[in-house]
1. If I histogram all Cα-Cα distances within the range 43-107 using bins 5 Å wide from 0, what percent of pairs lands in each bin?
2. Determine, for each peptide in 83-95, 57-69, the mean count of other beta carbons within 10 angstrom over its residues, then list the peptides with the highest first.
3. At a threshold of 8 angstrom on Cα-Cα distance, excluding pairs fewer than six apart, so keeping six or more, what relative contact order does the range 80-150 reach in percent?
4. Return the single residue from ARG137, ARG111, ARG20 with maximal mean-square fluctuation; model: Gaussian network over the chain, springs between Cα atoms under 10 Å.
5. Please list the three semi-axes, largest first and in whole Å, of the ellipsoid equivalent to the chain, using sqrt of 5 times the eigenvalues of its alpha carbon gyration tensor.
6. Provide the net charge surrounding ARG69, with neighbours chosen by a C-beta distance below 11 Å and charges set as Lys +1, Arg +1, Asp -1, Glu -1.
7. What's the whole-number percent of alpha carbon pairs in the range 80-127 lying beyond 16 angstrom?
8. Could you give the accessible area per residue of the chain, probe 1.4 Å, as a whole number in Å²?
Amino acid sequence: MVDHEAGGPALHTGRSLSWRVPPYQPALLMLLVCGAAALNIYGHPSETVRVLTLALGALALGLAVLGLRMYLGVDSEGAVVRYLRRPVWLPWSEIARVEVVSDVRGSDTVRFVRQDGSYVDVPPSLLQPSTPMSKPRAAARLNSIGNQIEACRGARPGHDQD
């Protein structure tokens, strides 16, 4: 399996493609959790500061776990999108099209539209670039990811392209 940072390009090498949150992001959030815990254990803060740092630490821990769990994988058999709880497996036979859509949780992302019209959106934070860039460049990267997914879909065994 080939892993890629969020929003990073994937190369089709005959193996599966995957996108994950860059590992430094959950690591930084865990450092924030450690700092909040250390302040509460060793600093003897006031009640207000204690509640604030515990809330901030709990939020950072939740975001770190979410970041570690999110995943998009694509191979010759289909795609898998994992949020916090469980993965959603989408075999290519169930997918009518793959498209880039706007305004999903305030951002652009890739959408897998099933044959029955229902759809599964990839978490936008998983595909958005982790470094600042212009909107047109970010949109071009997202379109490139959509094209890579379509190429993997078209390369499945026994599939005749029109």
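The values are calculated or read from the model by the stated rules, or taken from the named source; none is laboratory data. Remember, it's a predicted structure, so these values are computed and weren't measured experimentally. As a convention, Cβ positions derive from the backbone with ideal geometry for all residues, glycine included, and neighbour counts pool all protein chains shown. Please note that ligands, DNA and RNA were not included when accessible areas were found on the heavy atoms of the full protein model with its side chains. Shrake-Rupley method; radii C 1.70, N 1.55, O 1.52, S 1.80 Å.
1. With a bin width of 5 Å, the distribution comes to 4, 13, 13, 16, 15, 10, 8, 7, 6, 4, 3, 1.
2. Ranked from most to least packed, the peptides come out as 57-69, 83-95.
3. It comes to 24 percent, rounded to a whole number.
4. So, out of ARG137, ARG111, ARG20, the one fluctuating most is ARG137.
5. 37, 15, 14
6. +4
7. 38
8. Roughly 58 Å² per residue, with all protein chains present.
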